[in-house]
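All remarks here apply to the structure that follows.
The values are calculated or read from the model by the stated rules, or taken from the named source; none is laboratory data. The model shown is predicted, which means the values in this text are computed figures rather than measured ones. Here the Cβ positions follow ideal geometry from the backbone for every residue, glycine too, while neighbour counts run over all protein chains shown.
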Amino acid sequence: MNRLPEGIIVNELQLTIIRKTEEANDIFSFEFGCPFGIELPPFEAGAHIDVHVRPGLIRQYSLCNDPAERHRYVIAVLCDADSRGGALTLHRELEEGDTITVGTPRNLFPLVPAARTLLIGGGIGITPLLGMAEWLNHAGGAYQMHYCARSPGHAAFRARLADPVFDGRVHFHFDDGLSEQKMALPALLADADPDLHLYVCGPTGFIDYVVDAARDHGWQPANIHREYFTNQDLDKTGDGSFEIEIASTGAVLAVAADESASSVLIRHGYTIPISCEQGVCGSCLTGVLAGEPDHRDLCLSDDERACNNQFTPCCSRAKGTLVLDL
Ligand code: FES
């Protein structure tokens, strides 16, 4: 493969859909590659990319291929009866050979070094965990992965996970299966060991169920890692107004109750990268030098929120005035 010349930094890539594969009921995977055979920027296990599905529509998808690979990015997309926008377009309109713009990988769900790792995925939430399992296979890390799905027909990548490299480490749990194969969460979480880290991804209710169970079993927040796809709990009723101060100029901008801080900043000429607009992707994270954010995002950890040194202006608000590192 060819390499980009030293010092060239790219934020977006024009890639070709090399392969589109039906992986399970309602799930297609998409393999993106560079048409000129140039190595893609590297990514870490847990990373995602912004996919510019069509003009004005950007969606985030976890990379699920082996992080050691440099010739392709692979995502998997669920499109069921409730899906709209990005998933519908990807499933119905985009085909092999089409060109698509994607952002360079970013990671809000990184693996931390640990003696043991527990990966729990619900449905399409298995995607970031697949990359983690691949990375742990290379690194010789001790892990177990539990994959919950409605049925075998709804579980993507079963053939890939049958590879001997995953032997004895991947456990499937199907809603329509026998009771003895259901996930025994209390037993899995009984060991609240500081050397064991939990990673969970899937529908919001699934993540909350697993995380709440871990906390009930005495797990420390630093050992629990989760990544949401949507911010279903984002409730804007009762929002009030607040002010933001630009540290470099001292300018004070008012944010009305019915608008976001990001929209105010963009209106005043500041460049704020916006993507999900619901506090999930982390694109808009902005430094905070003073003041107390009212965090509404799902991308910062509890510890990161407690620091109050950054916030997501697309959805988070403030108590009083926030001084922004702009
Ligand atoms: Fe995604 Fe703000 S735009 S977190």
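Among the residues of segment 85-103, the ones that are at positive phi and in a loop (DSSP other than H, G, I, E, B) come to 1 in all.
Residues checked against (1) under 21 Å from L90 (Cβ atoms); (2) among the β-branched types (V, I, T); (3) within 16 Å of the ligand (Cβ to nearest atom):
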{"residue": "E44", "(1), (2), (3)": "no, no, no"}
{"residue": "A47", "(1), (2), (3)": "yes, no, yes"}
{"residue": "V51", "(1), (2), (3)": "yes, yes, yes"}
{"residue": "G56", "(1), (2), (3)": "yes, no, yes"}
{"residue": "Y61", "(1), (2), (3)": "yes, no, yes"}
{"residue": "P67", "(1), (2), (3)": "no, no, no"}
{"residue": "R70", "(1), (2), (3)": "no, no, no"}
{"residue": "L78", "(1), (2), (3)": "yes, no, no"}
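If you go through segment 194-212 one residue at a time, do you hit one that is free of Cβ contacts under 8 Å to residues at least 40 places away in the same chain, among the aliphatic types (A, V, I, L, M) and more than 23 Å from G282 (Cβ to Cβ)? The answer is no; no qualifying residue exists. Within segment 59-95, the residues that satisfy the criterion of being among the basic types (K, R) and within 22 Å of N107 (Cβ to Cβ) are R59, R70, R72. Based on what the data block shows, is G287 more than 9 Å from the ligand (Cβ to nearest atom), surrounded by fewer than 13 Cβ atoms within 10 Å (Cβ to Cβ), over 12 Å from L108 (Cβ atoms) and under 22 Å from the mean Cα position of the chain (by Cα)? So G287 fits the description; yes. P105 - would you say it is under 18 Å from the mean Cα position of the chain (by Cα) and either of a type in the set (F, W, Y) or within 17 Å of Y228 (Cβ to Cβ) (or both)? When the stated conditions are applied, P105 does not pass them. Residue count for segment 238-260 satisfying the condition of being surrounded by fewer than 12 Cβ atoms within 10 Å (Cβ to Cβ) and in contact (Cβ under 8 Å) with a residue 40 or more places away in the chain: 3. Restrict the check to segment 178-199 and report whether at least one residue is closer than 17 Å to L300 by Cβ and not basic (K, R). There is at least one residue in segment 178-199 that is closer than 17 Å to L300 by Cβ and not basic (K, R). Selection within segment 261-284: residues that are more than 9 Å from the ligand (Cβ to nearest atom) and either within 14 Å of the chain's Cα centre (by Cα) or buried (at least 21 other Cβ atoms within 10 Å of the Cβ) (or both). The member of this set that is nearest to R305 (Cα to Cα) is A261.
Based on this model, can you work out whether E292 counts as within 11 Å of the ligand (Cβ to nearest atom) and surrounded by fewer than 20 Cβ atoms within 10 Å (Cβ to Cβ)? So E292 does not fit the description; no.
Quick one: would you say R19 is touching a strand residue (DSSP E or B) at 6+ places or on another chain (Cβ under 9 Å), part of a strand (DSSP E or B) and at pLDDT 95 or above? Yes, satisfied.
Looking at segment 299-308, which of the residues that are touching a Pro at 6+ places or on another chain (Cβ under 9 Å) and part of a loop (DSSP other than H, G, I, E, B) is farthest from the ligand (Cβ to nearest atom)?
Among them, the one singled out is N308.
Just give me the residues in segment 132-157 being of a type outside the set (D, E, K, R) and surrounded by fewer than 18 Cβ atoms within 10 Å (Cβ to Cβ), in sequence order. Passing the criteria: N137, H138, A139, G140, G141, A142, Q144, S151, P152, G153.
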